[in-house]
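Remarks on the structure that follows.
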Amino acid sequence: MEHVDVAVIGGGQSGLATAHTLLRRGPRPVVLEGSGRAAGSWPRFYDSLTLFSPARYSSLPGMPFPGSDRDRYPHRDEVVAYLTAYADRLDADIRTGQRVTSVRRAGSEFELALDGGGHLAARAVVAASDTFSRPHRPALPGLQEFTGQVLHAADYRSPFPFTGGRLVVVGAGNSAVQIAAELATTARVTLATRGPVKFAAQRILGRDLHFWTARTGLDTAPLGRLLSRPPALPVLDDGRYRAALAALAAGQPDRRALFTGSDGTKLIWPDGQREEVDAIVLATGYRPDLPYLSRLDGALDAEGKPRHREGLATNVPGLAFVGLEWQRSLSSDSLRGVGRDAERIARRLAAYLARR
């Protein structure tokens, strides 16, 4: 069996940032990516997706985001190209098509089982399979009984397959508003939420909001340890959402309280109205995708959530996480922030390995 210093599970932004920082500290990482390319979930996001942070605030450590316009908001395909180039420049052992199915203790090491029957032993493990791998499908009233099409935002690509249809988008975040507004150009759309949609100005006093969060320290403040659950963040309006704001005000798409049930392809609204609906799009976020840690005692709680403090496993020495939502700060699961968390984890793991 092959033995390595650190196995990094996941070759997206979190895994690549972790590999970069580990290499600077000495341990030689092996990055195990289940898909055929090191770009994480980005290639699978919807076609019109753009970052909510400008290019100048959207870089991994050691490589600025390219382009002369540092204040633009990069498109999905630009991010994929950036991550691919980052992986190519990284002097790390990145193995694609290597999906980890389980991790367990084997004496003083971890043993990783790979899809297809392979095994790998590592002195330390970093779970960096990112926050956007497992779409969250909440138990909404009537959703199981609805016989129309139900898809998550992870499966949505463009509005064209839904032209002329009647759709309901569930969610109140950036993606929900952007998808609903985009669909409203070709279909009749309702944005269904539990409460009013909250907006925040992207630009304040002529500066992007990220300038102010960086200048005030809010972006890096260790608030994650204080949160029992991640807070709902407002929808940022940087100009791309002006159309969405106007559309909401004009009722195209309209916003309603969440439906209360369904009857076949009809949704039942709180006022008792029954309405024929072609499809429901769930823009309801994601959850950490960590089933491979289920055999590692103490790594996950009863709900499958990681037990950690700022990325270090609390009950499993040598195990760490990178890329979790609010792992340490507001920016922990973003391009602009994951490198800072990766640096902290690399420093701690290097010290752990040196002691052993």
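The values are calculated or read from the model by the stated rules, or taken from the named source; none is laboratory data. Just so it is clear, the structure is predicted and the values come from calculations on it, not from any experiment. Using ideal geometry, Cβ is built from the backbone for each residue, glycine included, and neighbour counts are taken over all protein chains shown. Side chains included, ligands, DNA and RNA excluded: accessible areas come from the protein's heavy atoms. Shrake-Rupley method; radii C 1.70, N 1.55, O 1.52, S 1.80 Å.
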What value, in deg cm²/dmol to 500, does the helix sum -39500 (n - 2.57) over DSSP H runs of n ≥ 4 give at 222 nm once divided by the residues of the chain?
-> -6500 deg cm²/dmol
Which order do the peptides 278-288, 120-130, 138-148 take when ranked by the mean count of other beta-carbon atoms within 10 Å per residue, highest first?
-> 120-130, 278-288, 138-148
Where Lys and Arg each count +1 and Asp and Glu each count -1, what net charge lies around Arg344 among other residues with Cβ under 10 Å from its Cβ?
-> +1
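What number comes out for the charge environment of Leu296, summing +1 per Lys or Arg and -1 per Asp or Glu over other residues with Cβ under 12 Å away?
+2
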Interchain or sequence-distant (5+) residues whose placed amide H lies within less than 5 Å of the amide H of Arg256 are Leu191, Ala192, Thr193
Can you tell me the equivalent ellipsoid semi-axes for region 82-158? Use √(5λ) from the Cα gyration tensor, largest first, whole Å.
-> 34, 20, 11
Would you work out the relative contact order for the chain, in percent, from Cα pairs under 8 angstrom that are 6 or more residues apart?
-> 23
Considering only protein heavy atoms, what per residue accessible area in square angstrom results for the chain with a 1.4 angstrom probe?
-> 45
Three principal axis lengths of region 32-91 [C-alpha, angstrom, descending] = 33, 29, 13
Could you estimate the translational diffusion coefficient of region 86-226 from the Stokes-Einstein equation, with Rh from the Kirkwood formula over C-alpha pairs, at 10 °C and 1.306 mPa s, in whole µm²/s?
-> 78
Between the alpha-carbon centers of region 1-70 and region 314-333, tell me the distance in whole angstrom.
-> 15
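Give me the dipole magnitude in Debye, nearest 20, for region 1-99 about the Cα centre, with unit charges on the beta carbon: positive for Lys and Arg, negative for Asp and Glu.
Details: 12 positive and 11 negative charges, 32 e Å.
Computed charge dipole of region 1-99: roughly 160 debye.
Return a whole-number percent for the relative contact order of region 151-204, with Cα pairs under 8 Å and 6 or more residues apart as the contact set.
Relative contact order of region 151-204: 37 percent.
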Can you work out D for region 1-113 in µm² s⁻¹ from Stokes-Einstein, where Rh is the Kirkwood radius over C-alpha pairs, the temperature is 4 °C and the viscosity is 1.567 mPa s?
-> 85
Among residues other than Gly34 whose Cβ falls under 12 Å from its Cβ, what is the net charge (Lys/Arg +1, Asp/Glu -1)?
-> -1
When the charge dipole of region 1-108 is computed with +1 at the Cβ of Lys and Arg and -1 at the Cβ of Asp and Glu, the Cα pointing farthest to the positive end, of Ala38, Ser58, Ser108, is that of Ser108
Using the Karplus curve 6.51 cos²θ - 1.76 cosθ + 1.60 with θ = phi - 60°, work out ³J(HN,Hα) for each residue of region 298-312 in order, rounded to whole Hz, and write x for Gly and Pro.
-> x, 6, 10, 8, 5, 8, x, 8, x, 8, 7, 10, 6, x, 8
Tell me, what is the percent relative contact order of region 72-130, built from C-alpha pairs under 8 Å that lie six or more residues apart?
-> 19
Over region 136-209, one equal point on each Cα, no solvent: what is log10 I(q)/I(0) by the Debye formula at q = 0.13, 0.20 Å⁻¹?
-> -0.47, -0.94
Would you kindly calculate the mean projected area, averaged across all directions, of the convex hull enclosing the Cα atoms of the chain, in square nanometres?
-> 19.0
Of the residues Thr260, Leu191, Val6, the Cα lying farthest along the dipole of the chain towards its positive end, which is defined by charges on the beta carbon of Lys, Arg, Asp and Glu, belongs to Val6
Treating only the Cβ atoms of Lys and Arg (+1) and Asp and Glu (-1) as charged, compute the dipole magnitude of region 119-237 about its Cα centre; round to the nearest 20 debye.
-> 240
